[in-house]
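To start, the structure itself, in structure tokens.
The values are calculated or read from the model by the stated rules, or taken from the named source; none is laboratory data. All values derive from a computational prediction rather than experimental measurement. In this analysis, Cβ positions are derived from the backbone assuming ideal geometry, glycine residues included, and neighbour counts consider all displayed protein chains. To get the accessible areas, we keep the full protein, side chains included, count just its heavy atoms, and leave off ligands, DNA and RNA. Shrake-Rupley method; radii C 1.70, N 1.55, O 1.52, S 1.80 Å.
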Amino acid sequence: MDKIGLDQGLRERRAVRHYSDAPVGDDLLSEIFELASWAPSPGNTQAWKVIALGQEASKDVIARFELAGWESVFPVLEQVLRKDAAERPSFASDGDTNDTSAAAVDWSRRVISMYQGRFEVKGAPRLVFVYRTVDRKRYANLVFLSLSSLIRRAWAKPSLLDGLRCFFSSLRNVPVLVRVNALTRTFGLANFTYALTLAAHSRGLATCIQSNYLNVQRDLRRYLGFGADVDIVASVLIGYKAADALPAPEIFRTRKPVAVDWIDATPGVAVASPKKERAYEAVG
């Protein structure tokens, strides 16, 4: 297999929902998971865990839960289509209809048509869930350690009044610390999920990161026999792309220029040159 460079992989990887029936073996998935495990995580915690469904189990879960997960997304998809139709009057849902008059379009039908033609999963991909274990005791310990540290700092102050001021002024930072800690752990799982798609792409496989299963996570956990401590953060389809797979509609493929605030001067650094407005243009 030809090696795929990083630049090429970043630009060519696409979300694919139409797959062939060719099986993806456990050994290949294990190789992909190992590559993805080199993704960065806060403090090298590597908090990610994976549920890998077999070929038939993947078919079963997709058939039972995919549409239910999408139903809550349909109103959002309709707004995207309406907005794009307003900005591009010639837009006709990429071939779904030739009538561009907003008053005459059945938007519900258009949404269902786009879902069935573009987004509904076809073929036999493997379905993988990336999750973390909810550890409430861990956060309780974090709060306890933070409060203990605040008490020691306050106790070291020269007077009781100074100690109380120090304690209560810093107390508001404890909820922020807990929230930031939870967010950074999520960042690590997001890094792993994206790295997983790149690793699969480098092995000739197609992928699609999906969030629709999160909308039915409680029922999905119950169906698979997992408890509430399993917090699914992403689902990924992995398989071989079908020969007749349709590309995603153009509105979901374009890349916008990256908005960058270039800062040359700060309150502590003065520069003689005036601020320049620059923009980084994404390619592709």
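Fully extending the segment from ALA22 to VAL73, taken as 0.36 nm per residue of separation minus the present Cα-Cα distance, adds 15.4 nm. For ASP106, the solvent-accessible surface computed with a 1.4 Å probe is close to 80 Å², ligands and nucleic acids excluded.
Cross-linked pairs LYS83/LYS241; LYS122/LYS241; LYS49/LYS256; LYS83/LYS256: Cα-Cα separations exceed 21 Å for LYS83/LYS241; LYS49/LYS256.
Can you give me the C-alpha center-to-center distance between segment 47-83 and segment 11-46, rounded to a whole angstrom? After rounding, the separation between the Cα centres reads 18 Å. Net charge in the neighbourhood of PRO42 (other residues with Cβ under 13 Å of its Cβ; Lys, Arg +1, Asp, Glu -1) is +2.
As a test of reading the structure, rank GLU120, GLU34 by solvent-accessible area (1.4 Å probe, protein chains only), most first. Write out the running numbers ahead of the final one.
Values: GLU120 65, GLU34 95 Å².
Descending order: GLU34, GLU120.
Excluding ligands, DNA and RNA, the accessible surface per residue across segment 1-68 is 62 Å² with a 1.4 Å probe.
Ordering THR207, THR254 by accessible area with a probe of 1.4 Å, largest first, what comes out?
Numbers: THR207 5, THR254 80 Å².
So, going from the largest accessible area down, we get THR254, THR207.
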